[in-house]
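Shown next, in structure tokens, is the structure this report addresses.
Laboratory data are not the source of any read-out in this text; all were calculated from the coordinates shown. These numbers come from a predicted model, not from an experiment. A quick note on method: Cβ atoms are made from the backbone with ideal geometry, for glycine too, and the neighbour counts reach across all protein chains shown.
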Amino acid sequence: MIHRRLALGGLVALAVAPTLAFAQPATITGAGASFPNPVYQRWGEGAKAAGLQLNYQSVGSGAGVNQIRNRTVDFGASDAPLSQQQLTEGNLMQFPTVMGAVVPIVNIPGVADGQLRLTGELLADIYLGKVTKWNDPRIVEMNSGVTLPNLAIAPVYRADSSGTSFVFTSYLAAVSSEWKDKVGAGTSVRWGTGAGARGNEGVAGTVRNTRGGIGYVENAYASQNKLAAAQLRNKAGKFVHPSMESFQAAASSANWSVPGFAASIIDQGGDASWPIVSPTFILLPTNPTDADRTRAVMRFFDWAYTNGGAAARELEYIPLPEAVQTAVRAAWAGVQVNGQPAWPAR
């Protein structure tokens with residue numbers, strides 16, 4: 001994986017289409033997933049030139065869902081898609097913004113970024129508490145030439161309700177029948193071992209500060225914190241590095257025709273595919289009470305679709321295909337504000 005300098009506060013200027021200049025500045029508030037937080041913050045800086053001010057709080061997918069259900073924010077963000085029944089009950093619509101990858105990160109003395117090889121089955125057994133030392137024979141066998149110390153493995157997981165956990169545990173359930181039967185997939189699960197941390201930020205920081213640590217984060221957090229990410233064996237039996245090429249290889253097979261755009265990109269086939277790739281989603285009311293704010297949210301993500309692709313790729317996220325962006329805009333047009341379509345924004 002190529003490390004990139006990411007500064008969530010100091011940001012790169014983004015191109016702004018001249019047609020997106022608005023007379024009245026608009027502030028929108030959102031909360032939820034930490035998985036896309038780096039790219040949302042980058043987009044927020046760029047969209048200021050289009051008269052849009054973003055206030056986004058990275059509080060975890062579960063909190064984001066609760067806040068939009070309670071209408072305390074203009075939009076919620078979640079990596080775990082809601083079911084059609086949940087959307088209907090909450091008077092919500094759901095659409096994707098970008099795709100990203102979850103990577104396993106480790107802190108093993110003498111082991112560099114991309115040097116360690118793991119399988120999904122081994123990851124599951126580590127988090128089940130069945131593999132407890134870095135020099136376990138199963139790990140040593142698949143890491144010929146890598147010196148692995150007699151050091152306790154210290155798993156780190158998300159303590160909060162987390163879409164990143166949903167993506168990670170969905171992968172473990174797909175590759176390990178024992179994990180599927182004993183733990184399953186969810187935003188919050190009963191972990192077999194380890195210590196909890198809040199947010200992708202918390203997991204990255206805890207692993208960085210823990211000898212023998214292992215955790216799972218969205219790829220941007222591994223790059224930002226210069227943490228060692230492991231290779232994973234994919235469905236085709238190939239060990240692959242986390243990279244834009246392997247993320248895009250997996251993303252290319254996404255099926256977006258499902259309700260709520262809830263495409264699954266977990267454990268896709270193909271020699272080059274990274275096995276843990278997922279979209280991340282926005283939740284927006286279908287019965288908005290504030291027409292200006294609802295339209296401003298749509299304007300913001302329309303701006304991001306049109307102008308934010310380069311920033312997403314720089315942070316090693318995968319932009320949505322243009323056809324999916326077009327389908328999302330069509331879904332926005334189905335939202336009524338005071339008897340009129342919310343999109344196109346006026």
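Just need the relative contact order of the chain here, percent rounded to a whole number, with Cα pairs under 8 Å and 6+ apart.
So the answer I get is 24 percent.
Any idea what the alpha-carbon Rg over 2.2 N^0.38 Å comes to for segment 114-180?
Rounded to two decimals, the normalised Rg is 1.18.
In vacuum, with every alpha carbon of the chain counted as one equal point scatterer, what does the Debye formula give for log10 I(q)/I(0) at q = 0.12, 0.14, 0.15 Å⁻¹? Two decimals, please.
Log10 of I(q)/I(0), two decimals: -0.81, -1.08, -1.22.
Report the local net charge at Asp271: Lys and Arg +1, Asp and Glu -1, summed over other residues whose C-beta lies under 12 Å from its C-beta.
Value of the local net charge: +2.
Would you kindly derive the ³J(HN,Hα) couplings of segment 248-263 from the backbone phi angles with the Karplus curve 6.51 cos²θ - 1.76 cosθ + 1.60 (θ = phi - 60°), listing them in order in whole Hz, with x for Gly and Pro?
5, 4, 6, 5, 5, 9, 5, 9, 8, 7, 6, x, x, 6, 7, 5
Measuring from label point to label point, each 7 Å out along Cα→Cβ, what is the Asn135 to Glu245 span in nm?
Each label point lies 7 Å from its Cα, and together they span 3.5 nm.
Restricting things to Cα coordinates, could you compute the convex hull volume per residue of segment 155-196 in Å³?
57
Which percent of Cα pairs goes in each bin when the distances of segment 26-165 are cut into 10 angstrom slices starting at zero?
Spelled out per bin, shortest first, that is 10, 31, 23, 20, 13, 2.
What do you get for Rg/Rh over segment 200-346 if you use C-alpha atoms and the Kirkwood form of Rh?
1.05
Taking Cα atoms, how many degrees apart are the long axis of helix 291-307 and the longest axis of the chain, rounded to 10 and kept between 0 and 90?
60
Evaluate 2.2 N^0.38 Å with N set to the residue count of segment 277-327, then give the Cα radius of gyration divided by it.
Compactness ratio reported: 1.29.
When Lys and Arg each count +1 and Asp and Glu each count -1, what net charge do the other residues less than 15 Å away from Gly196, Cβ to Cβ, add up to?
Charge balance near Gly196 sits at +1.
Say each of Gln85 and Asn255 gets a label point 7 Å from the Cα, pointing the same way as Cα to Cβ; how far apart are those two points in nm?
Computed distance between label sites Gln85 and Asn255 equals 2.1 nm.
Within the chain, how many lysine pairs that are 8 or more places apart, or on different chains, have C-alpha atoms less than 30 Å apart?
Lysine pairs satisfying the spacing and distance rule in the chain number 17.
Give the average over all directions of the projected area of the C-alpha convex hull of segment 61-144, one decimal, in nm².
Working: hull surface 33.7 nm².
With the hull built on Cα positions only, its mean projection is 8.4 nm².
For segment 151-221, just run the numbers: alpha carbon Rg, then divide by 2.2 N^0.38 Å, N being how many residues it has.
Rg over 2.2 N^0.38 Å, computed on Cα atoms: 1.06.
Taking only C-alpha pairs under 8 Å that are 6+ residues apart, what is the relative contact order of segment 187-343 in percent?
16
At a temperature of 4 °C and a viscosity of 1.567 mPa s, determine how fast segment 88-220 diffuses translationally according to Stokes-Einstein, using the Kirkwood radius over alpha-carbon pairs as Rh; express D in µm²/s, rounded to the nearest whole number.
83
Provide the net charge surrounding Phe166, with neighbours chosen by a C-beta distance below 13 Å and charges set as Lys +1, Arg +1, Asp -1, Glu -1.
-2
Suppose a student asked you for the relative contact order of segment 207-297, using Cα pairs under 8 Å spaced at least 6 residues apart; what percent would you report?
22
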